[in-house]
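> One structure follows; several queries about it will come next.
The values are calculated or read from the model by the stated rules, or taken from the named source; none is laboratory data. Because the structure is predicted, anything quoted here is derived from the model rather than measured. Glycine also receives a Cβ, built like all others from the backbone with ideal geometry; neighbour counts cover every protein chain displayed.
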Amino acid sequence: MSESPIARRYAKALVELCTETKNHAVIGKQLESFTQTWASSSDLQDLMKNPVVSLDAKREVLTKIFARFLFAPTTRNFLLVLLENGRITQVEEITRAFAAQMDELSNRTRATVTSAVPLERSDLARIQTALQRLTGKTVVLDARVDPSLIGGVVTEIGNIVLDGSVKTQLQSLREHLLV
């Protein structure tokens, strides 16, 4: 999913702050933690979107969340800037843009490996090694299970999908036989 120019701009500003303070990993985790809270709480979203609720009241709610999660000053200040600039509702998109920019700076890419059954660690390590050779970057794997694949593996890295599932092979065979 592509992020808006506004999300990329805010993410870039945060990346620059993190580069100065060298705490990008901590800030990234805290931003993701807040984003999960945001995504799972329709009450929080409704409150922040409500124009009747004062900015001070919204700031107070965020401050309580910050205290609960022990957020670093950089994270707190960044989220307060988003609130004051009316961009808090874009926090999920900004978090994705931040992660993408940090991945780029760290020469890292993310891949999703989906299989019919859970893969062994050794299998995941082989897939990770092969993807690292292919991309020339450090690969962070997200392993998922989808029993409907029947067998095989589907790997997604960036906008490339490598589909070696039995399900897809059976569908392809069916299409060839029906022609």
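> Considering only residues of the range 45-71 that are in a helix (DSSP H, G or I) and within 20 Å of the chain's Cα centre (by Cα), which is nearest to I6 (Cα to Cα)?
Q45
Let's see how each residue does on (1) more than 30 Å from G158 (Cα to Cα); (2) loosely packed, with under 14 Cβ neighbours inside 10 Å; (3) assigned by TED's automatic domain parsing to the domain that holds A100:
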{"site": "Y10", "(1), (2), (3)": "no, no, yes"}
{"site": "T19", "(1), (2), (3)": "no, yes, yes"}
{"site": "H24", "(1), (2), (3)": "no, no, yes"}
{"site": "L31", "(1), (2), (3)": "no, no, yes"}
{"site": "L44", "(1), (2), (3)": "yes, no, yes"}
{"site": "F66", "(1), (2), (3)": "yes, no, yes"}
{"site": "T74", "(1), (2), (3)": "no, no, yes"}
{"site": "L80", "(1), (2), (3)": "yes, no, yes"}
{"site": "L83", "(1), (2), (3)": "yes, no, yes"}
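> Select, from D123, D103, the only residue that is of a type outside the set (F, W, Y), surrounded by fewer than 15 Cβ atoms within 10 Å (Cβ to Cβ), assigned to a helix (DSSP H, G or I) and without any contact (Cβ under 8 Å) to a residue 40 or more places away in the chain.
On inspection, the qualifying residue turns out to be D123.
> When you scan the range 63-98, how many residues do you find that are in contact (Cβ under 8 Å) with a residue 24 or more places away in the chain and farther than 17 Å from R8 by Cα?
Total meeting the criteria: 6.
> Please work out which one of (1) assigned to a helix (DSSP H, G or I); (2) under 21 Å from L170 (Cα atoms) is the condition G151 fails and give its number.
Against the list (1) assigned to a helix (DSSP H, G or I); (2) under 21 Å from L170 (Cα atoms), G151 comes up short only on (1).
> Given T112, T74, which one is in contact with a Ser or Thr (Cβ under 9 Å, 6 or more places away or on another chain) and in a strand (DSSP E or B)?
Exactly one residue qualifies, and that residue is T112.
> Now for a different question. In the range 106-120, which residues are farther than 17 Å from K167 by Cβ, surrounded by 15 or more Cβ atoms within 10 Å (Cβ to Cβ) and of a type in the set (G, A, S)?
A111
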